[in-house]
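Notes follow the structure.
The numbers here are math on the coordinates, done by the rules we state, and not lab data. In this text, all values refer to a predicted model and were calculated from it rather than measured experimentally. Every residue, glycine as well, gets a Cβ built from its backbone with ideal geometry; the counts of neighbours run over all protein chains shown.
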Amino acid sequence: GGIKAHEWEFDISGLLAEGDNTLHIQVLTDAGTSRDVEIGQMQLLVKAPPPPPPPKKPAPTGPIPTIEPQAECRTDYTVEQIDQARFAVTVSGRRFAVQSRFSAPDGRWHAGSAAAYAHSRRIEQKPEHIVIYDTFRNLTGENVPVMQRHTCELGADLERAWVAGLSPASGNLTASNSSNPSVYGITAEAGIGLLPLNDEFQVHVTNSVLDGVLGLADNSFVLQPGAEYTAEWMVVPTAVPDFWSFVNSARRARDANFTLPHQFKFLSPGAFTDGWSDEVLERAIENKGVHISCATIGATRYKGRVPHGTAFQTLDPTPYIELRERIKRLCPEVKFSVYFHCFLDVLDEAPEKYADARRLLSDGTHGDYGKMHMYIFNPTLENDFGRDIAGNVDVILDTIGADSVYWDEIAYSKYKYHYGEPWDGCSADIDSDTMQIARLKSAVSLISLPFQCRQIDRIMARGPLVTNGMPQTRTHASYKYQAFTETGSISNCAQTLLYSPIALGDHLTERTIVDAYRWMLKALDYGCVYNWYSQRVFPEYPTLASYMFPITPMELHEGYIVGRERIVTKVSGLYGWGDASAHEVHVFGADGREVADFDAPPRTVDGKTYTELRLAEDWSAAIIRHTE
């Protein structure tokens with residue numbers, strides 16, 4: 001995702017004079033300039049060696065849980081509509097009251113219609129969730145700001161809450177995360193979650209838990225003169241107070257259980273792989289179980305820069321063509337992919353050439369990606385930048401002949417909003433005191449959506465699409481493309497839980513195959529499978545990742561994921577699919593190597609087949625289902 005890690009090593013012996021405790025360093029940047037760095041108040045301390053790590057937990061010997069997908073996906077609940085802005089959901093004897101309020105330009109909150117707009121509500125009950133349709137009609141000739149806030153007050157009865165998939169230790173958290181736009185809370189008896197559905201609401205979303213109150217809000221919506229708009233959102237009640245019950249119900253409601261076909265890895269052309277023998281290259285692909293091998297764009301340079309944007313079209317594509325041909329010769333079943341990013345451009349003339357597409361910040365300046373030459377733009381179907389950056393897809397698929405495209409940061413890049421033309425027709429900063437529009441703004445995920453959909457259609461008509469980042473809109477999610485999240489922080493996996501539960505390997509810490517294997521286990525704590533990142537980790541043997549794909553998720557849980565084709569787990573249990581299908585089992589030890597003689601006996605219970613897995617700490621397994 002444009003993130004580059006640097007490792008610096010210094011030998012400071014002899015650099016410090018006696019009595020001096022400050023080290024002076026001069027660092028040269030990529031641009032050839034220098035920066036002075038001072039490291040002060042240095043001390044050399046000799047510490048006792050750390051204690052040895054505690055012994056790993058052995059495999060359990062007592063009873064273990066039976067784990068299989070839920071047979072019936074239905075929640076027993078009732079809904080009571082109190083008035084235009086209030087309703088209650090009762091589940092497992094617990095009554096959850098949900099209240100709504102809407103701002104108006106008169107500076108007041110309303111429980112329905114106001115002078116500036118008419119409001120109506122429809123509630124639709126589904127087997128596992130409730131959909132609420134709030135329709136607003138502008139009664140004026142002006143833009144009308146309408147903030148909406150929906151709350152469920154649990155007070156002291158709230159035992160735990162999750163916002164965007166994360167549970168705050170303090171009990172309070174606010175997030176605007178369109179990848180996982182949810183809030184969920186539990187009492188002793190049951191749980192309730194709230195999340196948006198339509199594009200505008202999902203992009204604008206704010207979720208919160210504050211002092212025992214669950215919140216779902218859109219604080220940025222503008223209703224155009226004479227226009228009508230329906231905000232769709234849903235409530236997900238769970239009959240048990242369990243976060244994973246909410247995740248799985250919400251995934252089914254969002255139709256998120258589609259097939260994830262591909263083990264993915266980066267493999268760049270140029271100096272990095274040119275020196276590899278065919279045997280080394282083939283082994284690197286096969287031992288990682290790769291289905292898609294992706295070439296990054298750093299093999300060629302534009303004025304010393306990574307050629308983001310249209311600069312890529314000015315360079316010789318030969319290194320990519322040669323790597324594609326070599327991989328096809330050695331591993332003909334592996335698909336070849338090339339990196340694409342639709343928001344960045346490093347051409348010197350780009351700010352002037354694409355002036356109408358510049359990503360403008362709230363202060364009116366042109367946004368960049370942390371380097372002055374990495375300019376950020378908004379591609380649309382109407383502007384020249386959108387037309388020209390789409391040419392990268394032509395180069396990748398036609399000139400290079402790739403089978404697939406990897407799309408980095410597909411939803412937006414760095415800045416979520418743009419302060420300039422074109423306006424997306426629905427977004428603004430709204431003063432929370434006066435409830436008036438402070439200034440219009442545009443959600444990048446909305447103004448670039450038609451452009452992105454056009455490119456997704458083109459790409460998926462030719463082959464698979466893999467992206468960095470989850471969809472920020474229902475429109476994007478409907479394409480059901482495979483996506484992963486970067487995991488410099490493993491908690492980023494929480495962003496994947498309502499779409500494509502895949503963790504990309506960690507670019508910061510993975511240096512050995514054991515590092516990578518431990519990261520696979522951490523990803524399983526979030527119910528996620530794993531795609532390869534590091535090009536410097538070379539397994540000499542197949543790993544757990546080789547048995548993760550394809551997978552069509554049925555249920556996610558802490559420590560394991562149940563798919564139609566396979567179960568991947570680090571948790572002991574009696575595993576099955578509630579049927580008589582045959583199982584193929586692969587078990588891996590704490591070093592990441594497969595244990596060929598591991599005893600995982602099959603069990604038959606009431607005509608159903610199960611695999612008995614008793615796993616020690618840091619062991620794992622993949623159970624592959626055979627239905628014929």
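In deg cm²/dmol, rounded to 500, what helix-only [θ] at 222 nm does the chain give when every DSSP H run of at least 4 residues adds -39500 (n - 2.57) and the total is split over its residues?
-4000 deg cm²/dmol
For the pair residue 41 and residue 125, what calculated FRET efficiency results from E = 1/(1 + (r/R0)^6), where r is the Cβ-Cβ distance and R0 = 56 Å, to the nearest 0.05? Spell out each step's value before the answer.
Details: r = 64 Å, r/R0 = 1.14.
Using R0 = 56 Å, I get an efficiency of 0.30.
Could you give the C-alpha radius of gyration of the range 475-628 expressed as a fraction of 2.2 N^0.38 Å, taking N as the number of residues it contains? Don't skip to the end; give the middle numbers.
Values: Rg = 15.4 Å, N = 154, 2.2 N^0.38 = 14.9 Å.
The value comes to 1.03.
So if I take the centroid of the Cα atoms in the range 144-222 and the same for the range 334-408, what is the distance between those two points in Å?
So the separation of the two Cα centres works out to 34 Å.
Using Cα positions and a limit of under 23 Å, work out the lysines in reach of residue 335, with same-chain residues fewer than 8 apart set aside.
Answer for residue 335, where 23 Å is the Cα cut-off: 265, 288, 480, listed by chain and number.
Length gain on complete extension for the stretch residue 73 to residue 142, per 0.36 nm per residue less the alpha carbon to alpha carbon distance? Walk me through the numbers on the way to the answer.
Working: separation 69, 0.36 × 69 = 24.84 nm, distance 4.57 nm.
Gain in length upon complete extension: 20.3 nm.
Please state the shape class of the range 139-273: rounded when a/c is under 1.5, otherwise prolate if a/b exceeds b/c and oblate if not, all from the C-alpha gyration tensor. Walk me through the numbers on the way to the answer.
Details: a/c = 1.97, a/b = 1.15, b/c = 1.72.
It comes out oblate by the Cα gyration axes.
How much FRET efficiency would the formula 1/(1 + (r/R0)^6) give for residue 584 and residue 111, where r is the Cβ-Cβ distance and R0 is 60 Å, rounded to 0.05? Numbers along the way, then the final one.
Details: r = 58 Å, r/R0 = 0.97.
Computed FRET efficiency for residue 584 and residue 111: 0.55.
Need one number: nm distance between label points at residue 416 and residue 612, each 7 Å from Cα along Cα→Cβ, rounded to one decimal.
5.0
What does the highest-first list of 471-481, 82-92 look like by mean Cβ count within 10 Å?
Output ranking for 471-481, 82-92: 471-481, 82-92.
For the range 531-600, take the convex hull of the Cα atoms, compute a quarter of its surface area, and give me that in nm², please. Don't skip to the answer; put the middle values down first.
Details: hull surface 23.3 nm².
Its Cα hull, projected and averaged over all orientations, spans 5.8 nm².
Rounded, prolate or oblate: pick one for the range 39-182, where a ≥ b ≥ c are the square roots of the eigenvalues of its C-alpha gyration tensor, a/c under 1.5 means rounded, and failing that, prolate if a/b is larger than b/c, else oblate. Show your work: numbers first, answer last.
Values: a/c = 3.36, a/b = 1.57, b/c = 2.14.
Taking the square roots of the gyration eigenvalues as a ≥ b ≥ c, the range 39-182 is oblate.
Work out, step by step, the length gained on full extension between residue 274 and residue 603: first 0.36 nm times the residue separation, then minus their alpha carbon distance; give nm to one decimal. Walk me through the numbers before you get to the answer.
Working: separation 329, 0.36 × 329 = 118.44 nm, distance 5.02 nm.
Answer, rounded to one decimal: 113.4 nm.
Peptides 281-292, 132-143: what's the order by average Cβ count within 10 Å, highest mean first? List each step's numbers first, then the result.
Numbers: 281-292: 19.7, 132-143: 16.6.
So the peptides 281-292, 132-143, ranked by packing, come out 281-292, 132-143.
Measure off 7 Å from each Cα along the Cα-to-Cβ vector at residue 224 and residue 355, then give the distance between these two points in nanometres to one decimal.
Here the modelled spin labels are 2.6 nm apart.
What is the projected area of the convex hull of the Cα atoms of the range 294-440, averaged over all directions, in nm²? Write down the numbers at each step before the final one.
On the way: hull surface 41.3 nm².
The directionally averaged projection comes out at 10.3 nm².
Express the Stokes-Einstein translational diffusion coefficient of the chain in µm² s⁻¹, to the nearest whole number, given a Kirkwood radius over alpha-carbon pairs, 10 °C and a viscosity of 1.306 mPa s. Could you put the intermediate results ahead of the total?
Values: Rh = 26.9 Å.
After rounding, the answer is 59 µm²/s.
Once a ≥ b ≥ c are taken as the square roots of the eigenvalues of the Cα gyration tensor of the range 256-352, is the result rounded (a/c under 1.5), prolate (a/b larger than b/c) or oblate (a/b not larger than b/c)?
Numbers: a/c = 2.89, a/b = 1.47, b/c = 1.97.
Oblate, since a/c reaches 1.5 and b/c is not below a/b.
Could you sort the peptides 246-252, 171-177, 517-523 by per-residue average Cβ neighbour count (10 Å cutoff), highest mean leading? It would help to have the intermediate numbers written out before the result.
Working: 246-252: 24.1, 171-177: 16.4, 517-523: 21.9.
Highest mean packing first, the order is 246-252, 517-523, 171-177.
Let's test the formula: R0 of 45 Å, r as the Cβ-Cβ distance of residue 434 and residue 90. What FRET efficiency results, to the nearest 0.05? It would help to have the intermediate numbers written out before the result.
Numbers: r = 38 Å, r/R0 = 0.85.
Plugging the Cβ-Cβ distance into 1/(1 + (r/R0)^6) gives 0.70.
Let me know the volume per residue of the alpha-carbon convex hull for the range 196-302, in Å³. Let's see the in-between values first.
On the way: hull volume 26.2 nm³, N = 107.
Hull volume over Cα atoms, normalised by residue count, gives 245 Å³.
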